[in-house]
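The structure under discussion appears below in the form of structure tokens.
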Amino acid sequence: MGSNRNDSFLRLIQHSQRGKLKIYLGYSSGVGKTLAMLQEAERLYENGIDIVAGFVDTHEREEAEFLLSKIESIPPKKQIHRGIEITEMTLDAILQRQPSVVLVDELQHTNVPGSKNARRYEDVEEILGAGIHVISTLNIQHLESLYETVEQVTGIKVKDRVPDRLLSQAEELVNVDITPDDLRQRLIEGKIFLPGRPGNLVSDFFKPESLEQLRELTFRELASHIDLKRRTQIADEFPSNPDQIMVCLSSNNLNCEALIRYASRIAGRLNKNWYAVSVQNLSETKPVAEKGSNRRVADTMALARELGATVFTYKGDDAVKTILQFAREYRVGHIIIGNSERTLPFWDRIRGKKSIVERLIDGCQNISVTVFDTRQGGSSASSPNNEQPLVIKKEITLFDKLPQNEWKELVMNAKVVVLNGAMEKEKAFRLLLQECCKTRPDIDEQEAWKRLLEREKQGGTYAGSEIGIPHARLEGLKEAAVIIGVSKNGVTDKESKNRARIIFLVLTPISDPNGHIKILGVISNMASDTQWRNAMLQEAY
């Protein structure tokens, strides 16, 4: 670690009355971020700086433990959550102590439920607001705008993420880097602590090609940060370019979050203000708005605000005219829009009708338009009202391990359907219920739907290994009914953030509680069989 960087932050501490943030950034766990942070802490302490450790996880490494012992540590607090003792940073004690500098490891950490702030980065923002300088650590995969990119690179969905603004607000970013070969050797030697990660996730994440791409993402982020600082200094001396960035959103699009993250990164690279605009076409408004679509738009707009956008919602007779009018009024120079998920019918093409994207491009003058492929991840290409699952009648294999009984036969003969595209839990459950009712006229669909929702409120029915088992007991039902849905892209539960690829929808007579339990037991045994799950997914496609 070069002394110039440490001296630079030392000068900032000595001359600034406001809290400054410094982040040690790495491309993976194990590169040495915490150790580098502690080495700087030792240097600052020797220079007479009042520095304390707010929260530092050494993972019992001797060198890190030795460095940590040289400075004062704020005692962490221990909380019990679901029977497990969890150690958390004591925010109030740090604010009361009022040190000059505090070390806060793992910026992306999610605090235990019931804490003052939900996330550790929010704790850090509060500490900075109190005039205390913070030195922290972060891995590149935890950046919000890189969520889809990291998933494509590693195949892993990163749950703990921080807004990109944390990096832009940081006074200094320091790259902690070792070669992927050296990192993998550290993994082999057991020098990298990876809590709660199954072996297959570790192997996927630490593939040489994955590490190389994550490392490249880190270099790009650092270069972008340096360029942003340079352009910010220039902007202080010269008038800024008035052109702003605008991203257009639609409730019909199932992948708006990816579009928002893309726009956020473009805005960050160009150092421009940006707007997220949702336009509802009045001519296409349905009498009753679909609940899932409204929630999806609200969630997307919330993410846009989190990433720094100014959010607007409009209604108009012509979406393209509304977009162009907004662009003129707000001096927009760059429009980002998702490709239309609705293809125009052949006869409309013959009559010269154009899609929204084509009309927008035609209507733009001196405005650049970027069309982002929102179909990534398998978004459905049909409207919510017309979307139907593809029904596949198959015999389910690999049940030899289960004893023969009537409940096994019931599940074996269940209809299997493929749920097209990524979708939310309630929509998937409704589609499965509708399909089930087609062959079971004795099922009261509305009553069954009501009971399923009531059961979900009592507690989520998503089990481990990406399995969902929505179930309900119904009055007047003659015999149990089971239908299986398979989704390549996953059925998402917004509240728990869980994702299921195989859904068993189970309806049983309220008069037969014993049968209900036995069916769930059969399904549980099947779901725990990795070979069966893999074969099931292969058969479905």
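Please verify whether segment 145-167 includes one or more residues that are surrounded by 21 or more Cβ atoms within 10 Å (Cβ to Cβ) and small (Gly, Ala, Ser).
Looking through segment 145-167, at least one residue is surrounded by 21 or more Cβ atoms within 10 Å (Cβ to Cβ) and small (Gly, Ala, Ser).
Here are some residues: ARG359, ARG342, ARG349, ARG328. Which one is modelled with pLDDT of 55 or more and in a loop (DSSP other than H, G, I, E, B)? It would help to see each step written out before you state the result.
On the way: ARG359 fails: in a loop (DSSP other than H, G, I, E, B); ARG349 fails: in a loop (DSSP other than H, G, I, E, B); ARG328 fails: in a loop (DSSP other than H, G, I, E, B).
Within the list ARG359, ARG342, ARG349, ARG328, the selection yields ARG342.
When both residues are 6+ apart or on different chains and their Cβ atoms are under 6 Å apart, which pairs have a first residue that lies in segment 492-519 and is assigned to a loop (DSSP other than H, G, I, E, B), and a second that is modelled with pLDDT of 80 or more and among the acidic types (Asp, Glu)?
ILE510/GLU475
Under the condition of being modelled with pLDDT of 80 or more and not in a helix (DSSP H, G or I), which residue from segment 420-440 is nearest to the chain's Cα centre (by Cα)?
The selected residue is GLU424.
Starting from residues that are surrounded by 20 or more Cβ atoms within 10 Å (Cβ to Cβ) and more than 26 Å from the chain's Cα centre (by Cα), keep the ones in segment 20-50 and report whichever is farthest from GLN185 (Cα to Cα).
LEU44
Criterion first (at pLDDT 80 or above and within 22 Å of the chain's Cα centre (by Cα)) does ARG215 satisfy it? Give the steps one after another, and end with the answer.
Working: at pLDDT 80 or above: yes; within 22 Å of the chain's Cα centre (by Cα): yes.
Yes: the conditions hold for ARG215.
Condition test on MET89, is it closer than 30 Å to LYS207 by Cβ and under 28 Å from the mean Cα position of the chain (by Cα)?
When the stated conditions are applied, MET89 does not pass them.
Only one residue in ASN271, ASN255 is modelled with pLDDT of 70 or more and in the same structural domain as LYS321 (by TED's automatic domain parsing), so which one is that?
Just one listed residue meets the conditions, ASN255.
Search segment 67-103 for residues being touching a Ser or Thr at 6+ places or on another chain (Cβ under 7 Å) and assigned to a strand (DSSP E or B), and hand back the single one that is surrounded by the fewest Cβ atoms within 10 Å (Cβ to Cβ).
Ranking the qualifying residues of segment 67-103, first place goes to LYS78.
Scan (1) under 26 Å from the mean Cα position of the chain (by Cα); (2) at pLDDT below 70 for the single condition PRO287 breaks and write down its number.
Status for PRO287: all satisfied but (1).
Could you check segment 26-41 and list, in sequence order, the residues that are touching a strand residue (DSSP E or B) at 6+ places or on another chain (Cβ under 9 Å) and either part of a helix (DSSP H, G or I) or at pLDDT 95 or above (or both)?
Matches in segment 26-41: LYS33, THR34, ALA36, MET37, LEU38, GLU40, ALA41.
Select the helices (runs of 4 or more DSSP H) contained entirely in segment 104-180, then report the ones holding at least 2 residues which are within 22 Å of PRO75 (Cβ to Cβ) and touching a Leu at 6+ places or on another chain (Cβ under 6 Å).
Details: elements: 120-129, 147-154, 165-169.
Filter on segment 104-180 gives 120-129.
Go through (1) touching a residue at least 12 places away in the same chain (Cβ under 8 Å); (2) farther than 22 Å from GLU42 by Cα and name the single condition ASP105 misses.
The number of the failed condition is (2).
The values are calculated or read from the model by the stated rules, or taken from the named source; none is laboratory data. Please read these numbers as outputs of a predicted model, since none were measured by experiment. Cβ: placed from backbone, ideal geometry, glycine included. Neighbour counts: every protein chain shown.
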